[in-house]
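Read through the structure below, which is laid out as structure tokens, and then see the notes.
The values are calculated or read from the model by the stated rules, or taken from the named source; none is laboratory data. As the structure is a prediction and not an experimental result, all values here were calculated from the model. Backbone-built Cβ (ideal geometry, glycine too); neighbour counts: all protein chains shown. Calculation scope for accessible area: heavy atoms of the full protein, side chains included, ligands and nucleic acids excluded. Shrake-Rupley method; radii C 1.70, N 1.55, O 1.52, S 1.80 Å.
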Amino acid sequence: MDRPEEFVYAEDHSALSLSLLGTGLVGPVALLGLCLALGFTVGPGWFVGAGFTPVYCMVPISLLYRNWPTGIRVDEQGVRIGAVASKRAEHRNPTVTHQNWAVFSCPWSGVREMFVVTDPDKVMRLRTSPEYDTLSNRWAKPKSMLSCSVGVLIPPLMRAALVIRIDPAVATVPEFRSARFFSNYMDPSDPHFSRALLPRVGSTWVVPTRHPERLRALIKHQLHPAAPAPKHKGETGRRKRKRRLQQR
């Protein structure tokens, strides 16, 4: 893909939708406040419930934490996704569970295609297809998940996404560490104490966006500008006749 002359787009915390913030932040805080209020008004037993609030809300809190730094940067140099607002993120090598805390970058010479997806059915396929298996929207590893797709930063309840087709040989991808999940011999189909989930480098990156129409318009007008309108043949003929009259 050709490098645009003037194209700058920045979006920090692009994964923080109202639904994710509600389940991972507002909900736990409200539950904690309710338990404390009942502890003062009803009985001290509710204070015990307040102490267990993080345990009750462990899944949404952890998913919010994983997706918190996700962002987008697009400029004359290329495309970056992940923790783009952090200066230390480029030096991180987290596990695949927390890949959103690292930075992925690709110059324009390695970007093959870039487009925005907002259709609900297509977004659902991005969230559920094995091709885009990621732990950004799952707290635990499903049985069918054999590896984690790096560069796929799909949060829970995503409604719009930027999809980038890249050349993995040109892009800069962090060296992620594997994440270990424990079944404790409880899974008959996989009788092991634990399994390591390894990263899988592919040619497609997916990152959420909260401003799909704005991003789509920039891609359309800057990366795929409309060709200049051809000159009308009749106008050319009139100019020729005008030159002939001037010569006479």
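Summary of computed values
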read-out	value
Residues located in region 40-57, provided they are open to solvent by less than 50 Å² (accessible area, probe 1.4 Å) and either at pLDDT 70 or above or of a type outside the set (S, T, N, Q) (or both)	43, 49, 50, 57
Residue match in region 124-137 (condition: touching a Lys or Arg at 6+ places or on another chain (Cβ under 7 Å) and in a strand (DSSP E or B))	no
Of all residues making up region 164-182, the number that are of a type in the set (Ser, Thr, Tyr) and either modelled with pLDDT under 80 or assigned to a strand (DSSP E or B) (or both)	1
Single condition residue 115 does not satisfy, out of (1) within 16 Å of the chain's Cα centre (by Cα); (2) buried (at least 17 other Cβ atoms within 10 Å of the Cβ); (3) not small (Gly, Ala, Ser)	(2)
Flag if residue 60 is open to solvent by less than 60 Å² (accessible area, probe 1.4 Å), in contact with a strand residue (DSSP E or B) (Cβ under 9 Å, 6 or more places away or on another chain) and closer than 22 Å to residue 22 by Cβ	no
Members of region 153-180 that are open to solvent by less than 60 Å² (accessible area, probe 1.4 Å) and closer than 25 Å to residue 211 by Cβ	153, 154, 155, 156, 158, 160, 161, 162, 163, 164, 166, 171
Residue ID - surrounded by the fewest Cβ atoms within 10 Å (Cβ to Cβ), chosen from residues in region 83-103 that are closer than 16 Å to residue 15 by Cα and not small (Gly, Ala, Ser)	98
Region 118-134, subset farther than 22 Å from residue 195 by Cβ and in contact (Cβ under 8 Å) with a residue 60 or more places away in the chain, residue surrounded by the fewest Cβ atoms within 10 Å (Cβ to Cβ)	118
Pairs with Cβ under 6 Å, 6+ apart, first in region 9-21 and on the phi < 0 side of the Ramachandran plot and open to solvent by less than 10 Å² (accessible area, probe 1.4 Å), second in a loop (DSSP other than H, G, I, E, B) and basic (Lys, Arg)	14/210
Failed criterion for residue 150 (all others in (1) touching a strand residue (DSSP E or B) at 6+ places or on another chain (Cβ under 6 Å); (2) open to solvent by 10 Å² or more (accessible area, probe 1.4 Å) hold)	(2)
Residue in region 58-68 that is in a loop (DSSP other than H, G, I, E, B), in contact (Cβ under 8 Å) with a residue 12 or more places away in the chain and of a type outside the set (A, V, I, L, M) present	yes
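Here is a yes/no grid of residues against (1) at pLDDT 90 or above; (2) assigned to a helix (DSSP H, G or I); (3) within 22 Å of residue 217 (Cα to Cα); (4) not aliphatic (A, V, I, L, M):
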site: 80; (1), (2), (3), (4): yes, no, yes, yes
site: 97; (1), (2), (3), (4): yes, yes, no, yes
site: 141; (1), (2), (3), (4): no, no, no, yes
site: 144; (1), (2), (3), (4): no, no, no, yes
site: 159; (1), (2), (3), (4): yes, no, yes, yes
site: 162; (1), (2), (3), (4): yes, no, yes, no
site: 184; (1), (2), (3), (4): no, no, no, yes
site: 191; (1), (2), (3), (4): no, no, no, yes
